[in-house]
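Asks: Attaching a single structure in structure tokens format; questions to follow.
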Amino acid sequence: MSESPSEQQPDSVFYRPQRPRRSESSLSRDRIVVASVALLDRDGASALTMRKVAAELGVHATSLYWYVQRREDLIDLAVDHVLAEAASALPGDDVPWDDVVFRVAKQYYDSFVGHPWAAGFAGARPLIGPNALALAQRIITALREAGGTEEDRAIAASAISQQVLGAATTAAVVGGLSNAPADELSAAVGAPETLGIWIPPFDDVLRLLVDAIRVRLAAANPQR
């Protein structure tokens, strides 16, 4: 017996049918997402509640439940929303695979750094929104062009994802520290100038990672 759709897919806002906009209301899921991102950018991750998003929109919290079921839906939609610009500017098929991997990973990272709350949520939630999937699929397609075994490519894709999320999370923490009083900053990391040693530039680490992936995949393809 085949599994039912509910057993095959997680209970995610991206897999539920989107309800049509109510004719008597100016509210929409897009407006809810934009308001959620604005609230998160201004007040941080802990500020995101159904009630506060409703207040941003000037409606009662119960109005939101026509479009989203819970706070986690707001999180998932907001994270995918901030990836929209990166997903709309993917490198073409004529770009070498290693350039694709570097550029898409950098776009991913920049999207999260631009919204310091996003990486923390992304590390704790499944990234299955359309924009996240488009970015991931472009990296996977590029790695296939490089050859190697399926296992090696899976390891490479995981390493890239972990580097993006880890670096973006660290950048958010450091951003918060940089705004802290000098005594708190010193207690947390020592002298402020040590931050440059503690956190190497993302581009440099990513280039090293791509170089390592190139060597690993080439070793599995001696004919190349």
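Asks: Report, in debye and to the nearest 20, how large the dipole of segment 1-142 comes out about its Cα centre when Lys and Arg carry +1 and Asp and Glu carry -1 on their Cβ.
Replies: Here segment 1-142 has a charge dipole of around 620 debye.
Asks: Taking the Cα-to-Cβ direction at Ala212 and at Ala89 and moving 7 Å from each Cα, how far apart do the two end points lie in nm?
Replies: 2.8 nm
Asks: Still on this structure, I have one more. Applying the Karplus parametrisation 6.51 cos²θ - 1.76 cosθ + 1.60 with θ = phi - 60° to the phi angles of segment 85-100, what ³J(HN,Hα) value in whole Hz is obtained for each residue in order, glycine and proline being reported as x?
Replies: 3J(HN,Hα) across segment 85-100, in whole Hz: 5, 5, 5, 8, 10, 6, x, x, 5, 7, 8, x, 4, 5, 5, 4.
Asks: Compute the accessible area per residue over segment 49-139, keeping the other protein chains in place, probe 1.4 Å, unit Å².
Replies: 44 Å²
Asks: Can I ask one more? How do Lys52, Lys106 stack up against each other in accessible area, from largest to smallest, with a 1.4 angstrom probe?
Replies: The ranking, largest first, comes out as Lys52, Lys106.
Asks: What does the charge count around Leu127 come to, taking other residues whose C-beta lies under 9 Å from its C-beta (Lys +1, Arg +1, Asp -1, Glu -1)?
Replies: -1
The values are calculated or read from the model by the stated rules, or taken from the named source; none is laboratory data. None of these values were measured; they are calculated from a predicted model. Neighbour counts are summed over all protein chains in view; Cβ atoms, including those assigned to glycine, are modelled from backbone coordinates with ideal geometry. Note: accessible area is taken over every heavy atom of the protein model, side chains too, but ligands, DNA and RNA are not part of it. Shrake-Rupley method; radii C 1.70, N 1.55, O 1.52, S 1.80 Å.
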